[in-house]
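Asks: I'd like to ask you about the structure that follows.
The values are calculated or read from the model by the stated rules, or taken from the named source; none is laboratory data. If you're wondering where the values come from, they're calculated on a predicted model, not measured in any experiment. In this analysis, Cβ positions are derived from the backbone assuming ideal geometry, glycine residues included, and neighbour counts consider all displayed protein chains. Ligands, DNA and RNA are excluded from the accessible area calculation, which covers all protein heavy atoms including side chains. Shrake-Rupley method; radii C 1.70, N 1.55, O 1.52, S 1.80 Å.
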Amino acid sequence: MTNDIPDHGDRRVPMPPQAIAGGATATALAPPAAAVPRQSPTPRQDAAPAPKKQRDAFFDNAKYLAIVLVAMGHAWEPLRDGSRAAAALYMTVYAFHMPAFIIISGYFSRSFDMRKDRLQRLITGVAVPYILFETAYTFFKRWADDDPGYPISLLDPWYLTWFLIALFIWRLTTPLWKIVRWPVPLTLAIAVAASLSPEIGDDLDLQRVLQFLPFFVLGLNLKAEHFQLVRNRRARIAAVPIMAGALLFAYWAAPRMNAAWFYHRSAAQELHAPWWSGAVMTLAMFGCSLVLVACFLAWIPGRTMWCTALGAGTLYGYLLHGFLAKGSRFWGWYDVSWVHTPWGAIVLTLIAGTVITLLCTPPVQRVFRFAMEPKMDWAFRKDPVGAARHRG
C-alpha cells in the first residue's frame, strides 16, 4: 500500500478511461496445453518481468495540491482575526480541501474487504501510524507548550491524527456501505443526526467521523467516468466564476459565520446555535463542498508533472507538518508584527507551500517509513494455505 492520505488500503490505482480506451494491451496467446512440451520447473531466463501497477497522475496531482492547501490553511489560521481576506481564504479552502481528500480516499477504498492482506495493510498503514503520531504529538505538546501533564489518550485524537482514526473506521465499515441500497442518503442522515447530538462527545472524534462520512461513502460509489465529467474545458471555465463567487461569499460571511462549522467536530448546540441549524448547515455545506471539490478537480492536470511523484507522500507531509504548525503557535512566531501585514501573509503562504512540498519528497519518506509504513510481518499469523502453496 502506498502510504498517503487518500490511498491507504489498495496499491492498485485504476487507469483513466482514456488510457483504457485509447490503447490496446498487447497480450501473448499461449498455445494449447497439448502443444506445450513438458519442461523442467527452472524459470526461463528471458521471461519479461510483470509490469508494475501504474499510478494515475491526476489523483497524485490532486492529492499533492490538496495537501499544499491544507498547510496554507494552517498558516492562515492565526491571521484571521486581523485580516478579513485571510479569513475568507481560510473558509473557502476549508470548505473543500478535506472533503476532496476524503472523497478520493473513498474512491480508492472500493476494493476493500475483510481479506487478510488488506486488513494487515489497514493496521500497518493507518492504525500503527495513528498510535505512533498520537503519542509523538502528545510528547511534543508537553515539551513545546510547557505542559508536562498533558495526557496520552488514544481515545481523544489530538490535532491532525483525527483523520487516521476516521479513515480506520470508515474503511472497516466499507463492506456495509457496499450492500445498502441508498448509502449516500443514509450517511447524510447519520451526519445530520450527529450534528444534533452533543452527547456524542470527543471519544475517537466521532463527530468528525460521522459528519465527514458522506464524503467517504460518496467516493466509494464514484467511478472513473464521474471524474471525467469535471475534466474538460467547459468545467474549467465554469469553475472560475464559481470559485470567485465562493471567495466573495466567504469575505461577506467571515465576520458573521462561525468557522468551526467547517471542522465538523461539534454539534450545533456546542456552537451556540439552535439545534435545527445542525441539519440545515450539514446539508448546505455538503452541497457547497461538492461544488467546490468539482471546481478544484476541474483544474487538476491529468499529465505527469514535477509534483506528481509527491502525491504518494501526502500522509508524510500531512502528519509531519503538524509539528511546525503547532510549534509556530507554541513558540510565538505569529507575535511578530510583520507577519500580520499583506506581505507577511504572502511570505507565510510561500513558506507553508515549500515546507509541505519538502515533507512529501522521497528522502523524507525513506527516513520516516518506519512509522508510516512499518514492516510488521512478525505481528501477523502466517496463512497455512498460502504457505503450503508457496512451498509447492
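Asks: Subtracting the Cα-Cα distance from 0.36 nm times the residue separation, let me have the gained length for Asp113 to Arg181 in nm, one decimal.
Replies: Gain on extension, Asp113 to Arg181, equals 22.7 nm.
Asks: Taking a threshold of 18 Å on the Cα-Cα distance, which of the pairs Lys326/Lys375; Lys116/Lys382; Lys116/Lys375 fall above it?
Replies: Checking Cα-Cα distances, Lys326/Lys375 exceed 18 Å.
Asks: In the range 270-327, carbon and sulfur make up what percent of the accessible area (probe 1.4 Å)?
Replies: About 76 percent, which is the carbon plus sulfur part of the accessible surface.
Asks: Still on this structure: If the cut-off is 14 Å between C-alpha atoms, which aspartates and glutamates fall inside it for Lys178, apart from same-chain ones fewer than 8 positions away?
Replies: Leaving aside aspartates and glutamates fewer than 8 places away in the same chain, those within reach of Lys178 are Asp113.
Asks: Based on the Cβ-Cβ distance from Asp335 to Leu358, what FRET efficiency comes out when R0 is 41 Å, to the nearest 0.05?
Replies: According to the calculation, E is roughly 0.95.
Asks: Modelled label-to-label distance, Ile131 and Trp252, 7 Å Cα→beta-carbon offset: nm?
Replies: Result for the modelled spin labels: 5.1 nm.
Asks: Given a cut-off of under 8 Å on Cα pairs at least six residues apart, what relative contact order in percent is computed for the range 161-257?
Replies: 28
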